[in-house]
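See below for the structure under consideration.
The values are calculated or read from the model by the stated rules, or taken from the named source; none is laboratory data. If you're wondering where the values come from, they're calculated on a predicted model, not measured in any experiment. Cβ placement follows ideal geometry from the backbone for every residue including glycine, while neighbour counts extend to all protein chains displayed.
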Amino acid sequence: MAKKEFFRDKRISEITGGREVICPGAHDSLVDRINALAPDQALYIDFPILPKQFDNTRKFLKYGNEARAGVNPEAPPAEAIARALHDAQVPFGSIVVRSRLDRLTVTRTMLDTCIEGMKLYAYSVQNAPIKVAGPYRGQSVIKDFGAVFNVDVPSEERKIERHRVKLSNVPLYDVDSKKQLWTGIEAVCDCDFTRWWITGRYLQERLFCQHIVAAYYAVAKFCTRNRLFKDQTAEDMKVPSWAVPFPIFSEVAVGYWNKMRAQVIVNTGKMRKPLNSGKRSKLLGDYTAAKGKETALWHPGDKKIIDYNWY
């Protein structure tokens, strides 16, 4: 289905046209080669990007290495996310969070999806505001079990106006860290992102799409701007910045991602194609491992994600 211009993937002719095409060697650092691309250059990868035991990105993302967060009950969420990315064995392309509420449910977010959601949120601020309704639980229940929100998120596709997202167990109070509400955040979206994700590595595995990521950012903004209860101020009750259940990438990491989308093609064995989401996720894992959390991740005081360069 055709996407809006802001989200449309580049064609091969747009990536290579008028540019010097560089062919890296199999032993070159793709992170360094992509980072070093000038605006008038493109990269043609003529060798497999994924580990040889995986013949497609779907299998790699399901059964390959992953960053695992939520296993340490004492770690604050932001620290747990950063530590999981640091400790992950490369190559990896997703982060999973095991719920400490039931100790069974696992949520998985592809690294590429994290940035797709950031871009969708930035788009919504300027073009089609995300609509947030809630919370749908009482104040005393929210303290122990988190809040529920219904969120309408704009679609990237021309023929679909919006997607409906339901977020549950959203932490609104900085309470006893042992509750670990952030690990049990649940989300459902009406898009078809998870249609191909019938089975996974874990018995109870949920997949976060870009609409869920964008919805979470919108809920955080909504809660800080609205006084939800008469006896609570916005400063008292808000989605804590530390409670985001997926990585928030830095502006320089997004710059690397932009180059992957606009200046890189790959030989799939049958034809030349732009990098798909799975391969971008793998290369984001490589980037995070190579550059470290100080470079790859957003930190308080950094530029707002809506002000990033989203070309």
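Among strands (runs of 3 or more DSSP E) lying entirely in the stretch 1-79, which contain 2 or more residues that are closer than 22 Å to residue 289 by Cβ?
Details: elements: 20-22, 41-45, 65-69.
Hits in the stretch 1-79: 41-45, 65-69.
Filter the stretch 134-156 down to the residues that are aliphatic (A, V, I, L, M), surrounded by fewer than 22 Cβ atoms within 10 Å (Cβ to Cβ) and within 19 Å of residue 244 (Cα to Cα) and list them by number.
Narrowing the stretch 134-156 to residues aliphatic (A, V, I, L, M): 141-142, 147-148, 151, 153.
The next check asks that each one be surrounded by fewer than 22 Cβ atoms within 10 Å (Cβ to Cβ); those that pass are 141, 148.
Selection gives 148 alone.
Go through the stretch 55-114 and give me each residue that's modelled with pLDDT of 90 or more, within 26 Å of residue 300 (Cβ to Cβ) and of a type in the set (Val, Ile, Thr).
Result: 81, 95, 96, 97, 107, 109, 113.
Within the stretch 80-106, track down each residue that is in a helix (DSSP H, G or I) and either farther than 22 Å from residue 168 by Cα or in contact with an Asp or Glu (Cβ under 8 Å, 6 or more places away or on another chain) (or both). Walk me through it before giving the result.
From the stretch 80-106, those in a helix (DSSP H, G or I) are 80-87; that's our starting set.
Passing the criteria: 82, 83, 84, 85, 86, 87.
Taking the stretch 107-124 on its own, how many of its residues are farther than 11 Å from residue 208 by Cβ and either in contact with a Gly (Cβ under 9 Å, 6 or more places away or on another chain) or not β-branched (Val, Ile, Thr) (or both)?
9
Answer yes or no: is there a residue in the stretch 255-273 that is part of a helix (DSSP H, G or I), farther than 17 Å from residue 78 by Cα and either modelled with pLDDT under 95 or touching a Cys at 6+ places or on another chain (Cβ under 7 Å) (or both).
Let us first name the residues in the stretch 255-273 that are part of a helix (DSSP H, G or I), namely 255-263.
Right, trim to farther than 17 Å from residue 78 by Cα and you get 255-263.
Retained after the next criterion (residues that are either modelled with pLDDT under 95 or touching a Cys at 6+ places or on another chain (Cβ under 7 Å) (or both)): none.
No.
Before we move on, is residue 19 under 29 Å from residue 188 (Cα atoms) and not hydroxyl-bearing (Ser, Thr, Tyr)? Step through it out loud before you land on a result.
Values: under 29 Å from residue 188 (Cα atoms): no; not hydroxyl-bearing (Ser, Thr, Tyr): yes.
No: the conditions fail for residue 19.
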